[in-house]
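The values are calculated or read from the model by the stated rules, or taken from the named source; none is laboratory data. On a predicted model such as this, the values are computed, not experimentally measured, just so you know. Glycine gets a Cβ as well: all are built from the backbone with ideal geometry, and neighbour counts include every protein chain shown. The accessibility values were calculated without ligands, DNA or RNA, using every heavy atom of the protein model including side chains. Shrake-Rupley method; radii C 1.70, N 1.55, O 1.52, S 1.80 Å.
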Amino acid sequence: MKHIQPPLSDTKVVAVTGLESEVRSYCRSFPATFARAAGSILETDGGERYLDFLAGCGALNYGHNNPLLRHRLTRYLEDDGISMSLDMETVSKAAFMDLFRLRIMIPRNLDYKLQFPGPTGANAVEAAVKLARKVTGRTNVIAFTNAFHGCTQGALSLTANAHHRSSSSALLNQVTRLPYDGYLGADVDTADIVEKLLADGSSGVDKPAAIILETVQGEGGLNRASAAWLRRIRRIASDHGVLVIVDDIQAGCGRLGTFFSFEHAGLQPDIVVLSKSLSGFGQPLAMLMIAPQWDAWKPGEHNGTFRGNNLAFVTAAATLEAYWSDALFASEVVRKGGLVTHALDAMAADYGGMRKGAGMMQGLDVRDGKRAAQIRELCFHNRLILETCGPDETVVKLLPPLTIDDGDLSHGLAVLKRCVAATCAGPARLASIH
Ligand SMILES: *Cc1c(COP(=O)(O)O)cnc(C)c1O
């Protein structure tokens, strides 16, 4: 049969955004219709090229349409590979699990069972918390200030952000919110609070099933927990028979220069949750890593139609072969993260604000949500896509693909610097950049 569709580059679509619910969001920040993408570049239907420092909010660590991954995927599809199989055994799932064991778990001395829930991060968080409640017989869960764990009902109960929480007044209970590392200033070790509340039978905090945390709070403002704090939380949890769940959905898969974000702390979580960049191709895929003694699920107990995604398994396996077979990729991420650190420190020194985050997950807290939004808009005007985050959206956040080349990275940083400078010098400068 002949293809009647015109080639993508000739397709001009009519904007029908009004048809989509008011809930839409990124398309409001970045008003353009995108048609193609490669590496760190997004191209509109009109052929305008944007540098992408959002990268699917960390779901495209290996860039758009990475040819190494796409080649495997197209070959798999052309060979009539399985695309949907519920959770039956497939060669793509087996190959991924085998590589994950060989390239990720064994070299790091990690021993986990793997669970594939529904393909979103929120579904994986739900599964992790359900399992922790099941194996401990407890209901309470400790989550931290500024945490983001997703927007389904259970995951939302763990998420701190008021804007997200306001969508649902019911069933956000059975969670105790405690201050994250640094929340009360540099002089207060908030692990003291966790320790005291758990040790005191009359603290009023019911002994929890789990403590869930991000090592760097991706949506919550790029706050980073120290290795010492993470280790203390681990010890406190172990002392009380409480599970530690690390939500590595955004900070994992190489973002900080190691596959997992907790490697520098030598942490051994009971459950690790991965999603966003696990498939590496923007294909939805989520996974729980469960310490074997906690794998108490009955068959099909956390059910779902899309458990595992064979197309995602194919590209996920390809990421492990292409990027995690030796230390080169990780060391490049560390090096590029250093370039970002250097640039953001200079911007903070020259134009105010503070650098936040770590590795290739950093940002500039300009301490003013309006100014941060202005910077985002100016960047977009200058063909650079990036988002803001934090409780009052005051942090301009950089999440470039980890595969970005030095030329694109330094170009993006230079554009950002101009926009930060423009918003610093007041309305006159602002007008001149338009
Ligand atoms: C994105 C994200 C989630 C939610 O994942 P979804 O796929 O959007 O449901 C949960 N936790 C963290 C840390 C995230 O960044």
Selected residue (only one of HIS411, HIS381, HIS434 is at pLDDT below 95 and either in contact with an Asp or Glu (Cβ under 8 Å, 6 or more places away or on another chain) or within 27 Å of THR44 (Cβ to Cβ) (or both)): HIS434
Any residue in the stretch 154-181 that is in contact (Cβ under 8 Å) with a residue 40 or more places away in the chain sitting within a Cβ distance under 7 Å of a residue that is open to solvent by 60 Å² or more (accessible area, probe 1.4 Å) and assigned to a strand (DSSP E or B)? List the pairs, counting only those 6 or more apart or interchain. ALA160/ARG177
Considering only the stretch 47-65, how many residues are in contact with a Lys or Arg (Cβ under 6 Å, 6 or more places away or on another chain) and either surrounded by fewer than 17 Cβ atoms within 10 Å (Cβ to Cβ) or in a loop (DSSP other than H, G, I, E, B) (or both)? 1
Within the stretch 285-301, how many residues turn out to be outside any loop (DSSP other than H, G, I, E, B), open to solvent by less than 50 Å² (accessible area, probe 1.4 Å) and either away from the ligand (no atom under 16 Å from the Cβ) or of a type in the set (Lys, Arg) (or both)? 1
What do you reckon, is ALA170 within 16 Å of the ligand (Cβ to nearest atom), at pLDDT below 95 and either in the same structural domain as ALA122 (by TED's automatic domain parsing) or at negative phi (or both)? no
Residue that is farthest from the ligand (Cβ to nearest atom), among those in the stretch 100-121 that are assigned to a helix (DSSP H, G or I) and open to solvent by less than 20 Å² (accessible area, probe 1.4 Å): MET105
Would you check if there is a residue in the stretch 372-387 being in a strand (DSSP E or B) and of a type outside the set (Asp, Glu)? yes
Scan the stretch 122-135 for residues that are open to solvent by less than 40 Å² (accessible area, probe 1.4 Å) and within 11 Å of the ligand (Cβ to nearest atom) and jot them down. ALA122, ALA124, VAL125, ALA128
Within the stretch 303-361, which residues are of a type in the set (Ser, Thr, Tyr) and either closer than 18 Å to ASP406 by Cβ or surrounded by 21 or more Cβ atoms within 10 Å (Cβ to Cβ) (or both)? THR315, THR319, TYR323, SER331, THR341
Given the structure, is ARG138 open to solvent by less than 70 Å² (accessible area, probe 1.4 Å) and within 16 Å of the ligand (Cβ to nearest atom)? no
One residue from SER226, SER261, SER203 being among the hydroxyl-bearing types (Ser, Thr, Tyr) and within 16 Å of the ligand (Cβ to nearest atom): SER261
Only one of GLY304, GLY282 is assigned to a loop (DSSP other than H, G, I, E, B), more than 20 Å from HIS149 (Cβ to Cβ) and either within 16 Å of the ligand (Cβ to nearest atom) or of a type in the set (A, V, I, L, M, F, W, C) (or both); which? GLY282
What's the total number of residues in the stretch 260-279 that are surrounded by fewer than 24 Cβ atoms within 10 Å (Cβ to Cβ) and assigned to a loop (DSSP other than H, G, I, E, B)? 3
Against the condition over 30 Å from SER410 (Cβ atoms) and surrounded by fewer than 22 Cβ atoms within 10 Å (Cβ to Cβ), how does GLY81 come out, does it pass? yes
Test ALA318 against the criterion of being under 30 Å from GLY81 (Cα atoms), outside any strand (DSSP E or B) and away from the ligand (no atom under 16 Å from the Cβ), and give yes or no. yes
Of the criteria (1) under 30 Å from HIS411 (Cα atoms); (2) at pLDDT below 95, which one ASN303 fails: (1)
Restricting to the stretch 345-365, give me the number of residues that are in contact with a helix residue (DSSP H, G or I) (Cβ under 8 Å, 6 or more places away or on another chain) and either outside any strand (DSSP E or B) or modelled with pLDDT under 95 (or both). 8
So which residues in the stretch 123-169 are over 21 Å from the mean Cα position of the chain (by Cα) and over 20 Å from ASP206 (Cβ atoms)? SER166, SER167, SER168, SER169
